[in-house]
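The block underneath contains the structure these notes are about, expressed in structure tokens.
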Amino acid sequence: QVQVVESGGGLVQAGGSLRLSCAPSGSIFSINVMGWYRQAPGKEREWVARITQDDITNYADSVKGRFTISRDRAKNTVYLQMSTLKPEDTAVYYCTANVRGRDFWGQGTQVTVSS
């Protein structure tokens, strides 16, 4: 079992930056991929970014060039650095840990971008 806790959400003006953190716990050595998803009001959950155990990263087209996913192995933490934020980035952001094809989800953290 893996538990995931996100932090770092908040209110920011358009064009600003915010960094989200994700700290997994439990059977962390079994985690293959860490990822971020988001869900805006009235919309379906959307994949945002992911990072593999080999630190290979992938991004959704909507955030490519503005968001960066990274990890600090010493702190056992994955980050999502969000820059040049837009009002359409407003959503609840969820961190996931994938273990042998199963996703473990955090409770989510709210990001609100004002225009």
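The values are calculated or read from the model by the stated rules, or taken from the named source; none is laboratory data. Please read these numbers as outputs of a predicted model, since none were measured by experiment. Please note: Cβ atoms are built from the backbone with ideal geometry, for glycine as well, and neighbour counts cover all protein chains shown. In case anyone asks, the SASA skips ligands and DNA or RNA and just uses the protein heavy atoms, side chains included. Shrake-Rupley method; radii C 1.70, N 1.55, O 1.52, S 1.80 Å.
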Restricting to segment 1-29, name every residue that is open to solvent by less than 30 Å² (accessible area, probe 1.4 Å) and either among the aromatic types (Phe, Trp, Tyr) or over 15 Å from residue 89 (Cβ atoms) (or both). 2, 4, 6, 21, 22, 24
Considering 74, 91, which residue is aliphatic (A, V, I, L, M) and out of contact with any strand residue (DSSP E or B) (no Cβ under 7 Å at 6 or more places or on another chain)? 74
Which residue out of 100, 71 is basic (Lys, Arg), surrounded by fewer than 19 Cβ atoms within 10 Å (Cβ to Cβ) and at positive phi? 100
Taking segment 30-39, which residues are surrounded by fewer than 16 Cβ atoms within 10 Å (Cβ to Cβ) and over 14 Å from the mean Cα position of the chain (by Cα)? 30, 32
For segment 78-102, pairs from a residue that is within 16 Å of residue 60 (Cα to Cα) to a residue that is part of a helix (DSSP H, G or I) and acidic (Asp, Glu), with Cβ under 7 Å and 6 or more apart or across chains, are 82/89
Please work out which one of (1) more than 15 Å from residue 50 (Cβ to Cβ); (2) without any contact (Cβ under 8 Å) to a residue 24 or more places away in the chain is the condition residue 111 fails and give its number. (2)
Can you tell me how many residues within segment 54-68 are over 22 Å from residue 10 (Cα atoms) and either open to solvent by 80 Å² or more (accessible area, probe 1.4 Å) or touching a residue at least 40 places away in the same chain (Cβ under 8 Å) (or both)? 3
So which residues in segment 88-97 are open to solvent by 10 Å² or more (accessible area, probe 1.4 Å) and not hydroxyl-bearing (Ser, Thr, Tyr)? 88, 92
